[in-house]
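The values are calculated or read from the model by the stated rules, or taken from the named source; none is laboratory data. These figures come from a predicted structure and were not determined experimentally. Every residue, glycine among them, receives a Cβ derived from its backbone with ideal geometry; neighbour counts consider all protein chains shown. We work out accessible area using only protein heavy atoms, side chains counted, and drop any ligands, DNA or RNA first. Shrake-Rupley method; radii C 1.70, N 1.55, O 1.52, S 1.80 Å.
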Amino acid sequence: MHPQQPSPVAGPPQIAPTPGSTAGLAVASIICGIASLVTLLLTGIPAIVCGHMALKKIKRSNGAIGGSGMAITGLVLGYVSIALTLVVALLAALAMPVILKQQKKAQLVQSSSHSRQLFYSLIEYDQDKGAFPDKLEQLQNEKYVPDLSIFAPAKGGEWIYFSGQSTSDDSSNILLATPIPIDGKRVILRIDGSTTHIPEADYQAAVRAQQSR
């Protein structure tokens, strides 16, 4: 008699992929790929990663798992999102200087408008008192304006006010100026009510000339 051989220990049953099933990574890839047309890289990169992983898994399954078409579509859409991101970034880079230029132009216009509105209150004060106020705050304290902050320069801060003048002084004298340059220029209001914006060097020269008179 031959000795009885021990029965081999059975391992856990191997569950084979169901023929015709679709890889979950392929589904994830195409979903992320479609979303990437809106979200760009946010879901575009996951679409590419899932797509490559799905194709590898499908290849190893020897036909037991499908979904290669969805994986490839997800990959393509993911790469398209990268291209779109580059295009958007390029357009933004080209548009940014134009946007900044228009923004600075708007700040100059707004500051000029605010200075002219203050000028009317300064003229009214001069007509009542015989001179402009010693400080701009007097316009608010004495109810010539409701709130000085309404007329603040576009970039914030307080107006540079050249006090001690009246309408009888040199009409070309500067009465108000923005506290900081805007695009290298200062918005100034003269005693005659005219507003302009001049380069910083010209502004400093005008202030020195005015103080020397």
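If the requirement is being open to solvent by 60 Å² or more (accessible area, probe 1.4 Å) and out of contact with any strand residue (DSSP E or B) (no Cβ under 8 Å at 6 or more places or on another chain), which of these qualifies: Leu84, Leu75? Lay out the reasoning, then the answer.
On the way: Leu75 fails: open to solvent by 60 Å² or more (accessible area, probe 1.4 Å).
That would be Leu84, the only listed residue that is open to solvent by 60 Å² or more (accessible area, probe 1.4 Å) and out of contact with any strand residue (DSSP E or B) (no Cβ under 8 Å at 6 or more places or on another chain).
For residues that are assigned to a helix (DSSP H, G or I) and in contact with a strand residue (DSSP E or B) (Cβ under 7 Å, 6 or more places away or on another chain), scanning just the range 37-69, find the one that is least open to solvent (accessible area, probe 1.4 Å). It would help to see each step written out before you state the result.
Going residue by residue through the range 37-69, those that are assigned to a helix (DSSP H, G or I) are 37-39, 41-60, 68-69.
From what's left, in contact with a strand residue (DSSP E or B) (Cβ under 7 Å, 6 or more places away or on another chain): 57-58.
Numbers: Lys57: 93, Ile58: 23 Å².
The qualifying residue least open to solvent (accessible area, probe 1.4 Å) is Ile58.
Note on the range 166-213: among residues that are polar (S, T, N, Q) and assigned to a loop (DSSP other than H, G, I, E, B), the one that is most open to solvent (accessible area, probe 1.4 Å) is Ser168.
For every residue, the table says whether it meets (1) modelled with pLDDT of 95 or more; (2) more than 19 Å from Ile191 (Cβ to Cβ); (3) of a type in the set (Ser, Thr, Tyr); (4) touching a strand residue (DSSP E or B) at 6+ places or on another chain (Cβ under 7 Å).
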| position | (1), (2), (3), (4) |
| --- | --- |
| Phe119 | yes, no, no, yes |
| Lys129 | no, no, no, no |
| Gln138 | yes, no, no, no |
| Leu148 | no, yes, no, no |
| Ala152 | no, yes, no, no |
| Lys155 | no, yes, no, yes |
| Glu158 | no, yes, no, no |
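Remark: Tyr120 matches the filter, which requires a residue to be open to solvent by 40 Å² or more (accessible area, probe 1.4 Å), assigned to a helix (DSSP H, G or I) and among the hydroxyl-bearing types (Ser, Thr, Tyr). Quick check, is Ala131 within 25 Å of Gly164 (Cβ to Cβ) and without any contact (Cβ under 8 Å) to a residue 60 or more places away in the chain? Here the answer is yes, as Ala131 does meet what is asked. Pick from the range 137-154 the residues that are part of a loop (DSSP other than H, G, I, E, B) and in contact with a helix residue (DSSP H, G or I) (Cβ under 6 Å, 6 or more places away or on another chain): which of them is surrounded by the most Cβ atoms within 10 Å (Cβ to Cβ)? Among residues in the range 137-154 that are part of a loop (DSSP other than H, G, I, E, B) and in contact with a helix residue (DSSP H, G or I) (Cβ under 6 Å, 6 or more places away or on another chain), the one surrounded by the most Cβ atoms within 10 Å (Cβ to Cβ) is Pro153. The residues of the range 105-152 that are over 22 Å from Asp192 (Cβ atoms) and within 29 Å of the chain's Cα centre (by Cα), listed by number, are Lys105, Ala106, Gln107, Leu148, Ser149, Ile150, Ala152.
Only one entry of Ser115, Ser163 meets the criterion of being farther than 18 Å from Ala205 by Cβ and open to solvent by less than 30 Å² (accessible area, probe 1.4 Å), and that entry is Ser115.
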